[in-house]
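One structure is given here, and the rest of the page talks about it.
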Amino acid sequence: MNTETEHVQCLIIGSGPAGYTAAIYAARANLKPVLYQGIQPGGQLTITTEVENYPGYPNGVQGPDMMIDFENQAKRMGTDIRYGLATKVDFGSCPCKVLIDEEKWISADAIILATGASAKWLGLESEKRLNGYGVSACAVCDGFFFKGKEVCIVGAGDTAAEEALYLSKICSFVHMFVRKDAMRASKIMQMRVLETKNIKVYWNTEVDEILGKEKTEAVRIVNNISGEKTEIPVSAYFVAIGHQPNSEIFKGWLDMDEAGYVKTQPDSTKTNIEGVFAAGDLQDKIFRQAVTAAGSGCMAALEAERFLSTLEHPVPSDHFQAFSEEKEK
């Protein structure tokens, strides 16, 4: 495979809130960032409709429009934004390298990874068709739009339990579908769910289909034991069966947890590879909000700037020895 190589000062992989915010800060610091947008320019917010919880948009904003604003701001600051997908990395030597579309290596003095995470879905055709129209993978993001209405949620872990409880506070009723005869959530979370009057748990139950032409109107469920199918009118369908960080190409190079989230140093975006930083949902499995992703993108750019300054102005090896001797005097 013949590939060309280009060297840049600061390379950003990913174009959600974390990637674009990193680009804005890096460009303002004159790092001349190059950003590759990846397979889904704009990230998960491009499949979100109304966003009302991001500061600066008092009347709310459509997710795709918000990401266009982010992109335009990054461009105005001087970011070189390109289409392309990172398909391989080589972090074994300095500078580190990233292969784009299996065609071109980009070497960079500093690399900010903001490839995000993808929600896990059941795989129903109706999940795709009605995504953003009553179908969501984030109750905290979208539950507000169904205030006072009946909704349903799929899942059995702590996240599903937490989101069911959150929805129960703003929605009239929550139908919770659990595939087996027990939940995986911690005992305390299970107890809270089962004691909440406007949450009903359906055991041994799977979603067969989400019903509705232009918006979610009902779900058809099936009992795994009896095979009986039932239709339940709901205004929204939330899936909470986990997220998958988009970290596959970094395996073997970066330290990760058992779920594949990239590990960063405490209070930092630094990874185990010098000059490589991780921001956004790629390393955050707790909050997963646009505003927290943007914040970590800012952190990554600031840390990249500091790292690059050490390359431009290296401290002489005898500096610390001389400093120690001076102190002893």
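Inside segment 113-170, residues that are over 19 Å from the mean Cα position of the chain (by Cα), in a strand (DSSP E or B) and surrounded by fewer than 21 Cβ atoms within 10 Å (Cβ to Cβ) make up a count of 1.
For segment 143-161, the set of residues classified as charged (D, E, K, R) and modelled with pLDDT under 90 consists of D158 only. Remark: pairs (first residue in segment 228-245, part of a loop (DSSP other than H, G, I, E, B); second residue exposed (fewer than 13 other Cβ atoms within 10 Å of the Cβ) and among the basic types (K, R); Cβ separation under 9 Å; 6+ apart in sequence or on different chains) = S235/K215.
The condition (being under 18 Å from F144 (Cα atoms) and under 28 Å from the mean Cα position of the chain (by Cα)) is satisfied by just one residue among F173, F238: F238. Considering segment 199-247, the residues that are of a type in the set (G, A, S) and closer than 24 Å to I170 by Cα include one that is modelled with the lowest pLDDT, namely G242. Just give me the residues in segment 24-66 being over 27 Å from K215 (Cα atoms) and either β-branched (V, I, T) or crowded, with 20+ Cβ neighbours inside 10 Å (or both), in sequence order. Across segment 24-66, the qualifying residues are I24, Y25, A26, A27, L31, P33, V34, L35, Y36, Q37, G38. Of all the numbered requirements in (1) touching a residue at least 40 places away in the same chain (Cβ under 8 Å); (2) closer than 24 Å to L45 by Cα, E248 misses one, and that requirement is (1). Does segment 15-23 contain any residue that is part of a strand (DSSP E or B), touching a Gly at 6+ places or on another chain (Cβ under 7 Å) and either in the same structural domain as D142 (by TED's automatic domain parsing) or buried (at least 18 other Cβ atoms within 10 Å of the Cβ) (or both)? Among the residues of segment 15-23, not one is part of a strand (DSSP E or B), touching a Gly at 6+ places or on another chain (Cβ under 7 Å) and either in the same structural domain as D142 (by TED's automatic domain parsing) or buried (at least 18 other Cβ atoms within 10 Å of the Cβ) (or both), which makes the answer no. Exactly one residue out of V140, V51, V61 is under 18 Å from A294 (Cβ atoms), at pLDDT below 95 and touching a Lys or Arg at 6+ places or on another chain (Cβ under 9 Å), and it is V140.
The values are calculated or read from the model by the stated rules, or taken from the named source; none is laboratory data. Bear in mind that the values here come from a model prediction, so they are computed numbers and not experimental data. We place every Cβ from the backbone using ideal geometry, glycine too, and count neighbours over all the protein chains shown.
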